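The values are calculated or read from the model by the stated rules, or taken from the named source; none is laboratory data. Treat the numbers as computed from the prediction; the structure is a model and nothing was measured. Here the Cβ is made from the backbone with ideal geometry for all residues, glycine too, and neighbour counts use every protein chain on show. These area figures cover heavy atoms from the full protein model, side chains too; ligands, DNA and RNA do not enter into them. Shrake-Rupley method; radii C 1.70, N 1.55, O 1.52, S 1.80 Å.
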Amino acid sequence: MQVPSPFEYERATSVEHALELLARLGPDARLLAGGHSLLPMMKLRLASPEYLIDIDPLAGELGYVREQDGEVRIGAMTRHRELLESELLARRVAIFTDAERVIADPVVRNRGTIGGALCQADPAEDLSAVCAAADARVVVRGRDGERVLDMRAFHRGAYETAVEDGEMVTEIRVPLHPGAGSAYEKVERRVGDWAVVAAGAAVRLSDGTIEHAAIALAAVGGDVTSPAAAEALAGRPPSEELFAEAAGIAAAGCSPVTDQRGSAEYKRHVAAELTLRALRRATARALREES
Amino acid sequence: MQVAMSVNGEERGAEVEPRLLLVHYLRDVLGLTGTHWGCDTSNCGTCVVLMDGEPVKSCTLLAATAAGHEITTVEGMERDGVLDPVQQGFHEEHGLQCGFCTPGMMLTARALLDRNANPTDHEIRTAISGQICRCTGYATIVRSIRWAAEHANEGARA
Ligand SMILES: Cc1cc2nc3c(=O)[nH]c(=O)nc-3n(C[C@H](O)[C@H](O)[C@H](O)COP(=O)(O)OP(=O)(O)OC[C@H]3O[C@@H](n4cnc5c(N)ncnc54)[C@H](O)[C@@H]3O)c2cc1C
Ligand code: FES
Ligand code: FES
């Protein structure tokens, strides 16, 4: 039987209360959101916090997906399931819907949250790549105010983010643009498993050329985005050749490792193929948006 | 710490350690051993119970978090001696062999039918995709859930 080591338990009733508890209990306290990364780690004693601050009661205050000021705003406690079922995301930023269909399984999706996923920053985690491809920004709040970070500033690598002691993530903001399309492609060994490799792409079309593009990969090394591939796409008309060129750049720039999910060589090959497919689908969606 | 929650419609409270997982609260503190416990890693789904009507893996949820919520376990499916149509469906269509996955499968089926009275086979398969039947009886499990959808008002005397 796997049992976490003992801890003291606090239940936050509001964001302010959670921040106050974080300040009072110090660096030995951890937030508990959906618990589907933290509790397994605690059961394996990979994490043994002295205090747990349960933010499950904030599922109301921080559970939303809404359109505001040209952005989609997603509360940090929004569960995977709510992201999957969001009609707004499916219509405007379909990369989220694509990814949520293949993140874990429906029962895990009932608990896991976007805030927990981004803060866990597992190297195979999908939403960090999704948010990076979608140019999302993350709102990090402390007692003295908030910072709004883009994904390059927020996501520092495997299991590391810009969230400091005493801070928490409250919201994710995804910009909306006309003529934009996005898509996510993932290869997994079986339903509900973590990615062998996954790729996300977003493009913005204007007058038949790609005005802006972003590509992000999951499970193939720490740096999720591929700015070089995005640069290769910008300012050029979409074509199969161009997609293949960008996919090649993204795959060449990633750093997969050989493990039980496949060899590094295989993963690099899959990264190129998935980037290509994601670009195709993102562009098709952008064309539909444009017309 | 003191926790209290509604379990199968009855208010149940106890003094527990904060680190106690819901599955052990149900099995060891309340003696409701119908909720099974297998992989302990949130992969197999045999520990599924309903929290506020939605399936959750009780090996990956603190009893402390569940406090104040409504929990339904397999023991709560039969009412006044009448089986839930899902239970009856598993009986009619041979939905279980060893029975280890069955409580979790049936509760997920109940939650699915509460949201979607007439799911397709694909929707049924998706709903139970986080749960493993070690006896691999998936085809009959899907048929059992289908039976329950088609006989929504036909529970039977237990
Ligand atoms: C069987 C299984 C399969 C899975 N498959 C996938 C998959 O295919 N793809 C995928 O991407 N993920 C997968 N996951 C992970 C799942 O998506 C988790 O839900 C997610 O990683 C963490 O979310 P959580 O809300 O459960 O976070 P928790 O476990 O509660 O927290 C994770 C970490 O983030 C911190 N934290 C949480 N919320 C905040 C906040 N608002 N501000 C600051 N810090 C915070 C916590 O302190 C903790 O350190 C899987 C999980 C399981 C159990
Ligand atoms: S025991 Fe909980 S998912 Fe296997
Ligand atoms: S009936 Fe044996 S595990 Fe499903």
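List of remarks:
- Normalised Debye scattering of chain B at q = 0.09, 0.10, 0.14 Å⁻¹ gives log10 I(q)/I(0) of -0.27, -0.33, -0.65, counting only Cα atoms as equal scatterers and leaving out solvent.
- Considering all C-alpha pairs of segment A:118-238, those separated by over 16 Å amount to 62%.
- In this view, the solvent-accessible surface of B:Trp147, computed with a 1.4 Å probe and all protein chains in place, comes to about 30 Å².
- Carbon + sulfur, % of accessible area of the protein assembly as shown - ligands and nucleic acids excluded, 1.4 Å: 48
- Every pair of different Cα atoms in segment B:64-149 enters the Kirkwood calculation, which places the hydrodynamic radius at 13.2 Å.
- Pairwise burial A:B, computed as accessible area of each alone minus the pair, summed, 1.4 Å, Å²: 2300
- The Rg/Rh ratio for segment A:181-286, using Cα coordinates for both the radius of gyration and the Kirkwood hydrodynamic radius, is 0.98.
- Note on A:Ser14 and A:Ala162: the model spin-label points, each 7 Å out from Cα along the C-beta direction, lie 2.8 nm apart.
- The antiparallel fraction among DSSP beta bridges confined to the protein assembly as shown stands at about 85%.
- Inter-centroid distance (Cα atoms) of segment B:103-123 relative to segment B:1-80, Å: 20
- Cleavage-rule hits (GluC sites (Glu not before Pro)) in segment A:109-176: DSSP loop, at most 13 neighbouring Cβ within 10 angstrom: A:Glu164
- Extent along the principal axes, Cα only, for segment B:2-76: 28, 24, 19 Å, with the longest axis given first.
- For segment B:2-76, relative contact order (Cα pairs under 8 Å, six or more residues apart, normalised by length) works out to 40 percent.
- Shown is the FRET efficiency for A:Ala252 and A:Arg190, computed with R0 = 45 Å from the Cβ-Cβ distance and rounded to the nearest 0.05: 0.95.
- Residues in segment B:55-83 that, when all protein chains are in place, have 40 Å² or more less accessible area than the chain alone would give (probe 1.4 Å): B:Pro55, B:Lys57, B:Thr60, B:Leu62, B:Thr65
- Under the Debye formula (equal points on every Cα, no solvent term), log10 I(q)/I(0) of segment A:4-152 at q = 0.14, 0.15, 0.19, 0.20 Å⁻¹: -0.70, -0.80, -1.26, -1.37
- Based on protein heavy atoms only, segment A:1-46 ends up with 48 Å² per residue of surface accessible to a 1.4 Å probe.
- Entry note, the protein assembly as shown: the mean residue ellipticity at 222 nm calculated from DSSP H runs of n ≥ 4, each adding -39500 (n - 2.57), is -9500 deg cm²/dmol after division by the residues and rounding to the nearest 500.
- Listed residues A:Thr258, A:Thr97, A:Thr78, most fluctuating in chain A (Gaussian network, C-alpha, under 10 Å): A:Thr258
- Hydrodynamic radius of the protein assembly as shown by the Kirkwood approach over all distinct alpha-carbon pairs: 23.0 Å.
- Under 29 Å from A:Lys267, Cα to Cα: lysines that are on another chain or at least 8 residues apart: A:Lys186
- Compared with its chain on its own, segment B:1-44 contains the following residues whose accessible area drops by 40 Å² or more in the full protein assembly (probe 1.4 Å; ligands, DNA and RNA excluded): B:Pro18, B:Arg19, B:Leu21, B:Asp40.
- Tail fraction, Cα-Cα pairs, segment A:8-55, threshold 17 Å, whole percent: 28
- Seen from all directions on average, segment A:69-114 presents a Cα convex hull projection of 3.0 nm².
- Kirkwood hydrodynamic radius of segment A:64-174, from inverse mean 1/r over distinct Cα pairs, in Å: 13.9
- Under a Gaussian network description of chain A, with springs only between Cα atoms under 10 Å, the residue in A:Val174, A:Val130, A:Val203 that fluctuates furthest is A:Val174.
- Springs join every pair of Cα atoms under 10 Å in this Gaussian network model of chain B, and among B:Val82, B:Val142, B:Val49 the largest mean-square fluctuation is at B:Val82.
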